[in-house]
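Heads up, the thing below is written out as structure tokens.
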């Protein structure tokens, strides 16, 4: 082998190591979709247009947790998970990293690499997530891309509804719209039993929070679980969860998943 060929091989090896292009980065086995609006995208630690940069221990990066970037590339996950997805807004801590770290803590190294697929966009109502719309299309596209390397989508984590509390008609239509969304996702992702873990609202933009919460807590679809965010401390805007509330929510989501679906591993 010539000296030039040896040098070329050495450069390739260095680049592969430096930019994490190895197989371990490209193929998470267990994948979770994060969808909904701002409290899923994460506003923990955000004041105005600035994030304070505080990352709690429960949300620290782990080599066994990856995220699918806006460019559809797997990379090591770190806060803020939705920075390149919920664009035009300032993202901070959400529940995703705390969720993934808690699942890893509970299951150990045998679970392998977890993949998080951020899809949440702040200020969106459930009508904007209907099939045929941009948000739905992007979610399905990103979810489909995430399994091309052979992984399995284990659950969709859904936290949304604050925007549907402004008008009574939207609040009263929430149950039917959510059930339709679940049916469409399961069909388009070719997984009729896809687990959905939704969050019952802690707050809302309008006066019809109780109507939406009643719909969320009363869902009876198979493999649709609900955890309640009510009582988690809110930021001064009385709409968004604090950093530690996002952490506690992520752990609650993990416990709900593990209680019902840990047999998948």
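Taken over region 128-146, the criterion of being touching a residue at least 60 places away in the same chain (Cβ under 8 Å) and buried (at least 18 other Cβ atoms within 10 Å of the Cβ) is satisfied by 129, 139, 142, 143, 146.
In region 1-118, counting only helices (runs of 4 or more DSSP H) that sit wholly within it, the ones holding 3 or more residues that are crowded, with 24+ Cβ neighbours inside 10 Å and at pLDDT 95 or above span 38-41, 96-107.
The values are calculated or read from the model by the stated rules, or taken from the named source; none is laboratory data. Owing to the predicted nature of the structure, the values given are computational and were not obtained by experimental measurement. Backbone-built Cβ (ideal geometry, glycine too); neighbour counts: all protein chains shown.
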